[in-house]
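Bear in mind that the values in this text are calculations on the coordinates, not laboratory data. Keep in mind that what you see is a predicted model, and the values were worked out from it rather than measured. For neighbour counting, all protein chains shown are included, and Cβ atoms are generated from backbone atoms with ideal geometry for every residue, glycine included.
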Amino acid sequence: MITINEVTIEIAGREIIYDYSEQIPAGSITVIVGPNGSGKSTLLAAIAGDLVPSKGTITIDDVHPALTSAPHLATIRAMVVQNQLYSLGFTVREVIEMAGDAESIIDALELKEIAERHVTTLSGGESQRVAIAQAVAQNTPVLLLDEPLAAQDIHSRKRIIELLQKLAEGGITVVVVAHEQEKDLTWADKIIKDFK
Amino acid sequence: MKRYAPFLTVALIVIATIGALAVGATHIDNFWSELFHPGRNEILWNIRAPRVAAALLVGAALGVAGLMAQGACNNALAEPSIVGTSAGASLATVIAILFGVVQVGSLGAIACGVIGALLATTLTFKLASLRSGLSSFALIIVGIAVTATLSAVVGISTTMVTRADARSISFWNFGSLSLVTSNNLLGILITAVIGIAVAYAIAPALDRLSLGDATAFHLGIDVARTRRLALVALSIAAGGAVSTVGTIAFLGLAAPHIARFIYGPPHRFLVIQSALIGGLILVLADTAARTVAQPNELPIGLVTSLIGAPILIALVAMRNTTWRTQ
């Protein structure tokens, strides 16, 4: 379970999130929605340990991400950033293997055809799926995804959602930032909005 | 190609080394016989062999230093003579020599070079990340500015001094292996080995750093520590090389790019191959420097610039998938 307790987050002196509390249940899919600039990504980054709240605490079970070393944190949560850019020409398989075993996730996200391609040659949607594959390969109890569906076609969206559902059924806590209409979020177990 | 390429580099180094030992101002009679009797022929073993060994070590050190600069900055253009490392090593060494504290090529000079390299590189990184996070663009601009400033101070201080050794200092400053004796080898060997060992140890972290700071952190990499270690490896390797043989431009840029082009981006392999290719290029360049204009000797920095700069242009002009610049 992820516990957000009276959290205030400021970036460059501007308050993005103020005195916010929430609980995210384990083994489920929670989707964070809201308009641009509402702080969705900021909240996710704080859970990932990228940002330190100026007030309040965030815990993943008993762990404080902001106080945990990078190697230890990487065994607890994986995170997919919004725009993954690749500068060096590793192959798709090599990039996924930086996080863990690649085979099963390459099948699940239908990456077999591009597995030996250089990541520098991928389209935006392909890059995003490789980033998702890498985070899943990290095999952590918490999986955080910042707009994983943004650049995907209908078929890939369906594939990704199915994968997230399967992971949640297996006990993994999935938190997704999305730009969807609430009515389209039938796959979410919990929706977070209005968290200012 | 990829499978046999590692052996190709080693084979080329062996051929280039033997060639470098064989040619020069003086003809060596019965070269092959002398080659297998270490120490017998004075010119071969006391003059050429140390110089060729120095070229291999310095080339290896600069190749790996360039790889560390590029890896730490996630920037295809970074190299010791661009991010201020070489100029810092130069300045610290020149000051120590002019004040009579150390002699060219001594372990003391190497220590000064390493410290100067470390300070200048740190200065570049601090200045480049003053206003926000480390941006590639700021890093290169600031690096060029730091290099220019420190190099100017080196030029001014060597010109103001009228001592006899000032001329050799200014020659050294353009890069030359002609002053190297077997006494200098130990120092460059130590710094090259330490630099390469640190580079090898952090290679897997540098692979992940290429995905960006955020993703590297998510994968469990301590980004600040990795970058610091890369800068230490860069400064030790380049500082030791520069304080002994002067600034040799473009080698640190060209060697890792050639290695990456042939072998792909995983850093473990690149550390080894950048060292081998750096050594190979410098042996070839030094052999050219001392033979094309006999009896005059060309500053080796000019020869490596002549080889390295076209590679840089080709790199910018060619679209390749080994490095995408954002």
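Key figures
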read-out: Sorted by Cβ neighbour density within 10 Å, fewest at the top, the residues B:ASP207, A:ASP189, A:ASP184, A:ASP62; value: A:ASP62, A:ASP184, A:ASP189, B:ASP207
read-out: B:TYR263, B:TYR200, B:TYR4 arranged by Cβ crowding within 10 Å, fewest neighbours leading; value: B:TYR4, B:TYR200, B:TYR263
read-out: Fluctuation leader among B:GLY264, B:GLY105, B:GLY252 - chain B, Gaussian network, Cα springs under 10 angstrom; value: B:GLY264
read-out: Gyration tensor (alpha-carbon) shape descriptor, segment A:1-87, a/c threshold 1.5; value: rounded
read-out: Only Lys, Arg (+1) and Asp, Glu (-1) charged, at Cβ; the protein assembly as shown dipole about Cα centre in debye; value: 1300 debye
read-out: Euclidean distance between Cα centres, segment B:261-293 to segment A:50-77, Å; value: 44 Å
read-out: Span-like helix ranges in chain B, DSSP H, alpha carbon extent 15 angstrom or more, Kyte mean at least -1.0; value: B:5-22, B:49-73, B:85-98, B:107-128, B:136-160, B:182-209, B:223-245, B:251-263, B:267-291, B:300-317
read-out: Selection from B:ALA109, B:THR121, B:VAL242, by position along the positive dipole direction of chain B (Cβ); value: B:THR121
read-out: Among B:ALA237, B:ALA89, B:ALA259: highest mean-square fluctuation, GNM of chain B, C-alpha pairs under 10 Å; value: B:ALA259
read-out: Distance violations [Cα-Cα > 30 Å] among A:LYS55/A:LYS193; A:LYS166/A:LYS193; A:LYS158/A:LYS193; A:LYS112/A:LYS190; A:LYS40/A:LYS166; value: A:LYS112/A:LYS190
read-out: In order through segment A:107-123: 3J(HN,Hα) via Karplus (6.51 cos²θ - 1.76 cosθ + 1.60), integer Hz, x for Gly, Pro; value: 5, 4, 9, 6, 9, 4, 5, 9, 4, 9, 7, 6, 5, 6, 9, 7, 6
read-out: Size of electric dipole in segment B:177-326: Cβ of Lys, Arg +1 and of Asp, Glu -1, about Cα centre, debye, nearest 20; value: 340 debye
read-out: Spread of Cα-to-Cα distances over 5 Å intervals beginning at zero, given as percent, for segment B:1-150; value: 2, 9, 13, 14, 13, 12, 13, 12, 7, 4, 2, 1, 0
read-out: Net dipole in debye of segment A:2-192 [+1 Lys, Arg Cβ; -1 Asp, Glu Cβ; about Cα centre; nearest 20]; value: 160 debye
read-out: Centroid-to-centroid separation of segment B:82-144 and segment B:196-217 [C-alpha atoms, Å]; value: 23 Å
read-out: Cα gyration tensor shape for segment B:68-199, rounded if a/c is under 1.5, else prolate or oblate; value: oblate
read-out: Ratio of the Cα radius of gyration of segment A:113-194 to 2.2 N^0.38 Å, where N counts its residues; value: 1.13
read-out: In nm, spacing of pseudo-spin labels at B:ILE141 and B:ALA314 (7 Å Cα→C-beta vector); value: 3.1 nm
read-out: Among A:GLY171, A:GLY49, A:ALA151 - extreme Cα towards positive end, dipole of segment A:2-192, charges at beta-carbon; value: A:ALA151
read-out: For chain B, Kirkwood radius (reciprocal of mean inverse C-alpha pair distance, Å); value: 19.8 Å
read-out: Computed P(r) (all Cα pairs; the protein assembly as shown; 10 Å bins; percent); value: 4, 18, 24, 20, 15, 10, 6, 2, 0
read-out: Separation of the A:HIS155 and A:GLU110 label points, Cα + 7 Å toward Cβ, nm; value: 0.4 nm
read-out: Full-extension gain in nm, A:LYS183 to A:GLU10, via 0.36 nm per residue minus C-alpha separation; value: 59.2 nm
read-out: Label-point separation, B:ASN46 to A:ASP62 (7 Å along Cα→Cβ), nm; value: 7.2 nm
read-out: Among B:172-184, A:136-148, the order from most to least packed when residues are scored by Cβ within 10 Å on average; value: A:136-148, B:172-184
read-out: Number of partner chain Cβ atoms within 10 Å, mean per residue of B:205-212; value: 5
read-out: Centroid-to-centroid separation of segment A:89-133 and segment B:1-78 [C-alpha atoms, Å]; value: 39 Å
read-out: Mean Cα-pair separation over length for chain A, i.e. relative contact order, pairs under 8 Å, 6 or more apart, %; value: 31 percent
read-out: Kirkwood Rh in Å, taken over all unlike Cα pairs in segment A:45-157; value: 14.8 Å
read-out: Ranked list, fewest to most other Cβ atoms within 10 Å of each Cβ, for B:ASP29, B:ASP286, B:ASP213; value: B:ASP29, B:ASP213, B:ASP286
read-out: For A:LYS55, distant residues with modelled amide H under 5 Å away; value: A:THR8
read-out: Segment A:2-192 - Rg over Rh from alpha carbon coordinates, Kirkwood radius; value: 0.96
